[in-house]
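Here's the structure, in structure tokens; my notes come after.
Just so it is clear, none of the values below were taken in a lab; they were calculated from the coordinates. Here the structure is a predicted model, which is why all the values come from computation and not from measurement. Glycine gets a Cβ as well: all are built from the backbone with ideal geometry, and neighbour counts include every protein chain shown.
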Amino acid sequence: MSALQDKYKELIDTVNASGVTGAQINETDGVLHITGTAPSADVKNKLWDIYGKIDPNFLTGDVVMNVNVATAVAGAKVKVVTDSTNLNIRKGPGTDQPIVGKAAHGEVITLVGKANDQWWLVRTNDGEEGYSYSQYLTPVE
Amino acid sequence: MLLKKMLPAFIMATALAVSLPSCKSKPSDADIQTKVQTAIAATPGVSADVKDGVVTLSGLVSSDAEKTAVETAVNNLKESGVKSVVDNIEVEAAPAPAAVAPAADALSQGVADATKDFPGITATVADGVITVTGEIEKSKVQTLKASLDALNPKKTDMSQVKVK
């Protein structure tokens, strides 16, 4: 086991023990790449908590972690997890696209589909539909 | 008898006599080329090939109007021996909008989207590595890091970031 894998042993062990599907842990050019799909948002959050504990504020840059959540599928309810502000809903997938609506912080809306990992098509309870940035959306279990 | 023997030769000679003048009056490809060259001279970037009277135009022009003008000019040379024109001239695509032009690869675009909500943060991309500088509140660090890592970079270097 490399020094890097030793440093992040708790994180790797948790990935392997938490039912993360398609988990891949590769070390390339001194960076540990962790990808996979967590069974729930809780598991994903737990992995980020452990990562942040080992490397406070993620400043070292020796890990790239990209973990999706299995329950984030079309038709699922997702919660707006912005810091405090409203979430922009845009006409297309990109910040250069016009804003067609807003979802309030904490609001639960519907995931309609995914343009890609970053941009999800959502619909508010008022029927507003458009693309929002996925990092501010978490599936409601 | 003699006449019968001579007949094929006679026919051949007649055929030759008939065909020769017509051959002579037909402009050579080289002659046509000269005429065509004059016609297309006004449009730089276009070249012409002549084979058996068929003119093939090729090259690059900046508008459809130019392409049509050149083709028409050459078509008007029918009397100089041009049988037909094959127009392979390409029209230059309109220049891409300035915003898209400077190497806006997917990762750079993704980084721009991901950092938009972090006003104190600047991120650059080089060789698949994201380098982040600036200041950020502690409560937002994880969202920033997760957003950038989700773009599958080779590395997300935040070592120069100051966490408030």
*Would you please give the residues with an amide H less than 5 Å from that of residue A:137, counting only those at least 5 places away or on a separate chain, with H modeled from the backbone geometry?*
A:81
*Please state the charge dipole magnitude for the stretch A:77-139, taken about the Cα centre, from unit charges on C-beta atoms (+1 on K and R, -1 on D and E), reported in debye and rounded to the nearest 20.*
100 debye
_Extreme residue, positive dipole direction of chain A, given options A:57, A:45, A:122 (C-beta unit charges)_ = A:122
*For B:140-147, what's the mean count of beta carbons from other chains sitting within 10 Å of each residue's beta carbon?*
6
*Using alpha-carbon positions, what is the distance between the centroids of the stretch A:62-141 and the stretch B:111-129, in Å?*
20 Å
_Nearby lysines by direct alpha-carbon distance to residue B:67 (threshold 21 angstrom, same-chain neighbours under 8 apart not counted)_ = B:35, B:51, B:78, B:83
_A 27 angstrom limit on the alpha carbon distance is what I want to check against. Which of A:114/B:164; B:116/B:162; A:102/B:154; A:9/B:145; A:46/B:140; A:44/A:77 exceed it?_
A:114/B:164; A:102/B:154
*Can you list the equivalent-ellipsoid semi-axes of the protein assembly as shown, largest first and in whole Å, using the square root of 5 times each Cα gyration tensor eigenvalue?*
71, 24, 20
*Name the residues whose placed amide hydrogens come within less than 5 Å of the amide hydrogen of residue A:87, ignoring near sequence neighbours (fewer than 5 apart) on the same chain.*
A:103, A:104, A:105
*Determine ³J(HN,Hα), in whole Hz, for all residues of the stretch B:145-160 in sequence, where each value follows from phi through the Karplus function 6.51 cos²θ - 1.76 cosθ + 1.60 and θ = phi - 60°; x replaces Gly and Pro.*
4, 5, 4, 6, 5, 5, 8, 6, x, 5, 7, 10, 8, 10, 5, 9
*Which aspartates and glutamates have a Cα less than 15 Å from the Cα of residue B:155, not counting those fewer than 8 places away in the same chain?*
A:27, A:29, A:55, A:62, B:127
*Along the charge dipole of the stretch B:52-164, Cβ charges K/R +1 and D/E -1, which of B:150, B:65, B:93 sits furthest on the positive end?*
B:150
*Please work out the ratio of the alpha-carbon Rg of the stretch B:34-164 to 2.2 N^0.38 Å and round it to two decimals.*
1.97
*Amide hydrogen neighbours beyond the local backbone of residue B:86, cut-off 5 Å, H modeled*: B:55, B:56, B:57
_Taking only the Cα atoms of the stretch A:3-69, how large is their convex hull per residue, in Å³?_
70 Å³
*Using a cut-off of 13 Å between beta-carbons, work out the net charge of the residues near residue A:105 (Lys and Arg +1, Asp and Glu -1, residue A:105 not included).*
-1
*Principal-axis tilt of helix A:41-54 within chain A, Cα atoms, nearest 10 degrees*: 50 degrees
